[in-house]
Amino acid sequence: MRKFVVSIAAFAAATTVFADAGDVEKRLKEQYPATKITAVRETPVQGVYEVAMGRNVAYTDASGRYMIFGHLYDMKEQKDLTAQRLDEINKIDVSALPLSDAIKTVKGDGSRKLYVFSDPDCPFCQRLERETMPKLDNVTIYTFLYPLEELHPDAKRKAETIWCAKDRAKAWDDFMKSGKLPDQVTQCDNPVERNIRLGGSLGINGTPTIIMGDGAMVPGFVPASELERRLAAGAPQRAKTATGD
């Protein structure tokens with residue numbers, strides 16, 4: 001981190017031309033027509049501009065010639081400004097999620113909402129179901145079966161089998177906790193392929209991925225205490241202990 005702080009300080013010091021963010025955005029789009037530039041704005045560092053490119057963020061000078069890829073920190077406030085911005089631009093519109101394609105589990109009054117993209121053969125997903133979910137209360141969990149076939153070749157078959165069970169919520173819980181699939185295997189119309197396309201369109205490339213009620217994405221396994229904190233606080237910060245496939 002120190003190396004990056006020094007680099008961006010030198011970068012800013014070398015920048016002697018200042019411009020309106022709108023002018024910088026126009027210049028960048030002219031220089032890099034193949035790059036999807038969605039927003040440009042000033043940063044707290046004079047002469048350095050934040051460039052949002054879809055779900056990614058970089059930093060540039062007024063000319064647009066030089067780019068820095070990395071995180072910008074406010075050391076006085078101990079804040080990762082880039083992480084905060086990534087959380088903002090990567091938020092999901094949860095109202096657009098096709099909930100009929102998810103396994104619905106209601107605990108307590110179900111007032112709080114979680115949306116989870118999960119792979120039945122993912123060890124971190126199994127850990128999430130064994131260690132975290134049982135400790136949550138008053139929550140509705142929508143689980144989108146999202147097999148990562150390149151990592152788990154048999155996961156799609158298992159996801160389809162679980163979905164087609166008479167009680168899919170119980171089948172999911174049983175498999176994630178004991179590895180036991182339903183005794184009677186049936187075939188049915190299922191949303192697994194749609195979920196794979198949906199996850200890809202949302203930029204989800206690992207499991208588990210949790211989407212909070214406000215649309216913030218939390219990748220990887222999260223302990224119950226951290227997930228509860230985020231539920232209570234409206235998910236203002238990025239989880240620090242996330243791991244996953």
| field | Taking segment 23-71 and dividing mean pair separation by its residue count, relative contact order in percent (alpha carbons under 8 Å, at least six apart) | value | 28 percent
| message | Check which residues have an amide H placed less than 5 Å from M67's amide H, if you skip close sequence neighbours. | response | none
| Which of T161, Y115, T105 sits farthest toward the positive end of the charge dipole of segment 95-174, with +1 on the Cβ of Lys and Arg and -1 on the Cβ of Asp and Glu? | T105
| said: Pick from R41, R85, R168 the residue whose mean-square fluctuation is largest in a GNM of the chain, springs joining Cα atoms under 10 Å. | reply: R41
| query | Which residues make up the longest stretch of the chain clear of GluC sites (Glu not before Pro) that lie in a DSSP loop with no more than 10 other Cβ atoms within 10 Å, not counting the sites? | reply | 151-245
| task | Would you kindly derive the ³J(HN,Hα) couplings of segment 131-148 from the backbone phi angles with the Karplus curve 6.51 cos²θ - 1.76 cosθ + 1.60 (θ = phi - 60°), listing them in order in whole Hz, with x for Gly and Pro? | result | 9, 9, 4, x, 8, 8, 9, 6, 9, 10, 10, 9, 9, 8, 5, 9, x, 9
| message | Given a 1.4 angstrom probe, I'd like the percentage of the accessible area of the chain that is carbon and sulfur, rounded to a whole number. | response | 50 percent
| query | Build a GNM of the chain with springs between Cα atoms under 10 Å: which of D74, D119, D214 gets the top mean-square fluctuation? | reply | D74
| Given a 1.4 Å probe, how much area per residue of the chain is accessible, in Å²? | 53 Å²
| To the nearest 10 square angstrom, how much accessible area does M53 have with a 1.4 angstrom probe? | 40 Å²
| task | Let me have the 222 nm mean residue ellipticity of the chain computed from DSSP H runs of 4+ only, each contributing -39500 (n - 2.57), with the sum over all residues rounded to the nearest 500. | result | -9500 deg cm²/dmol
| field | All lysines inside 20 Å of K156 as judged from Cα atoms, apart from same-chain residues fewer than 8 positions distant | value | K104, K166, K170, K177, K180
| task | Report the residue, chosen from K166, K76, K177, that carries the largest GNM mean-square fluctuation when the chain is represented by alpha-carbon nodes joined by springs under 10 Å. | result | K76
| note | Magnitude of the Cβ-charge dipole (Lys and Arg +1, Asp and Glu -1) of the chain about the Cα centre, nearest 20 debye, reported as 260 debye
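From Cα pairs below 8 angstrom and at least 6 apart in sequence, can you work out the relative contact order of the chain, rounded to a whole percent?
17 percent
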| request: Show the residues, 5+ positions off or on another chain, whose built amide H is closer than 5 Å to the amide H of M53. | output: T38, A58
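The values are calculated or read from the model by the stated rules, or taken from the named source; none is laboratory data. From a predicted model like this one, the values you see are computed outputs, not experimental measurements. We place every Cβ from the backbone using ideal geometry, glycine too, and count neighbours over all the protein chains shown. For accessibility, only protein heavy atoms count, side chains too; no ligands or nucleic acids. Shrake-Rupley method; radii C 1.70, N 1.55, O 1.52, S 1.80 Å.
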